[in-house]
1. In the list V165, V174, which residue meets the criterion of being loosely packed, with under 15 Cβ neighbours inside 10 Å, assigned to a helix (DSSP H, G or I) and either touching a residue at least 60 places away in the same chain (Cβ under 8 Å) or on the phi > 0 side of the Ramachandran plot (or both)?
2. Name the residue that is farthest from N77 (Cα to Cα), counting only residues in region 194-224 that are of a type in the set (S, T, Y) and more than 22 Å from the chain's Cα centre (by Cα).
3. For region 49-78, which residues satisfy the criterion of being within 16 Å of the chain's Cα centre (by Cα) and either among the small types (G, A, S) or not in a helix (DSSP H, G or I) (or both)?
4. Mind checking which pairs have a first residue in region 180-207 that is in contact (Cβ under 8 Å) with a residue 12 or more places away in the chain and within 16 Å of M344 (Cα to Cα) and a second that is surrounded by 15 or more Cβ atoms within 10 Å (Cβ to Cβ) and of a type in the set (S, T, Y), Cβ under 7 Å, 6 or more apart or different chains?
5. So I319 passes all but one of these: (1) modelled with pLDDT of 75 or more; (2) over 15 Å from the mean Cα position of the chain (by Cα). Which condition number does it fail?
6. Just to be sure before I move on: is K299 basic (K, R) and within 12 Å of Q228 (Cβ to Cβ) in the structure I sent?
7. Can you go through L312, L283, L253, L301 and tell me which one is in contact (Cβ under 8 Å) with a residue 24 or more places away in the chain and in a helix (DSSP H, G or I)?
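The values are calculated or read from the model by the stated rules, or taken from the named source; none is laboratory data. These numbers were taken from a predicted model, which means no experiment stands behind them. Backbone-built Cβ (ideal geometry, glycine too); neighbour counts: all protein chains shown.
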Amino acid sequence: MKTLRRVLSGDDVIQLVVRVGLLALLVIWTFIVIRSFVPILAWSGVLAVAFYPAFNWLAKLLGGRPRTAATILTIVNLGIVIGPATWLGLSAVDGVRQLADDLSAGNLVIPSPPEHIKEWRFVGPQLYEIWSRAFSNIRTVLREVAPYLKPLAGTMLTLAGSVGVGTLKFLLSVLIAGFLFPYGAQLAAGGRRLLSLIVPEQSEHLLDLAGATIRAVSQGVIGVAVLQALLAGIGFKMAGIPSAGLLAFAVMLLTIIQIGAAIVILPVVIWIWMDKDFTTALLLTVFLGFVGVLDNILKPLVMGRGLTTPTLVIFIGVIGGTLAHGIVGLFIGPIVLSVAWELMAAWMREDQSRPAPGLTADP
């Protein structure tokens, strides 16, 4: 049986080129129009996936009222964003601006050791001597490198200035996620059909894996880090720590990239014991010690499964997301890269498990 092939004429080729060109122009133009909304839509999808189990439980509790459940959950999320999250962000912005001003003016210094340290038994004189040497040496180094750090101040101020826009994006994302909750089943079915066109054999598995990864990273990594930073910020404020918001932001960042909050909390605890009375220092130490290990307690409970995404991937997601999308990208970046990593790993494992063409198993 012969296969008939149509030979394209010159007019057919011209029509095909025009159609493809118009389609490409439409796609590019559409992307240009919605480019500014991509981070908002992405974060809305993450919130919808992360909170969908809570929405589903609340809808059943209310007797099958999905719209009421979506409204209640949206109000709660808006309260979190407008309340403690905004407080943490504004406090961090103040700290960043102060640090940027010190960098610009060349006034970045570390405090000298308090005189009463000498009165501590056993370790007081030695600690005072070590601190004094470090104070003198680091002060000299900071004076020498201060001119080179001034360009960093501009970058820090730009990042701080984007916090207002980032907060607005968070609010819009929460509102859009509220509209997505009642349509979760339809959206999942649409995603399943889309994946079936790309990977027919693994569409169901990859969709479940993507959802599980989004919930694991958003709840077990991002959510725990934000909670830990809020509690640490409260402790820092109670202790009267300078730049408490900036230190709390550092706690959140270090927790997201899996380094841990001890790098920030331990020096704060030392400062507390040097500045506060025994009872206050003991209470704050217990509270901040609990905050420091909070991620080790909550992550296994919240995530529900081991996250196989390497720390380097999450770190790159944090840096790349922040550079690309500002403060919102700080949270979107690690989630997007984690999902991509998990899907790629699952795809490769599936391909490796298949026998090579032309080979059969031994009887």
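1. Working: V174 fails: loosely packed, with under 15 Cβ neighbours inside 10 Å.
Of V165, V174, the one residue that is loosely packed, with under 15 Cβ neighbours inside 10 Å, assigned to a helix (DSSP H, G or I) and either touching a residue at least 60 places away in the same chain (Cβ under 8 Å) or on the phi > 0 side of the Ramachandran plot (or both) is V165.
2. Quick first cut of region 194-224, residues of a type in the set (S, T, Y) only: 196, 203, 213, 218.
Subsequent filtering for residues that are more than 22 Å from the chain's Cα centre (by Cα) retains 196, 203.
Working: S196: 33, S203: 31 Å.
Here the answer is S196.
3. A50
4. L195/S203
5. Single failed check for I319: (2).
6. It is true that K299 is basic (K, R) and within 12 Å of Q228 (Cβ to Cβ).
7. Numbers: L312 fails: in contact (Cβ under 8 Å) with a residue 24 or more places away in the chain; L283 fails: in contact (Cβ under 8 Å) with a residue 24 or more places away in the chain; L301 fails: in contact (Cβ under 8 Å) with a residue 24 or more places away in the chain.
The match here is L253.
Rundown of residues vs (1) of a type in the set (D, E); (2) more than 30 Å from W347 (Cα to Cα); (3) surrounded by fewer than 21 Cβ atoms within 10 Å (Cβ to Cβ), yes/no style:
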position: I214; (1), (2), (3): no, no, no
position: F249; (1), (2), (3): no, yes, no
position: F278; (1), (2), (3): no, yes, yes
position: V293; (1), (2), (3): no, yes, yes
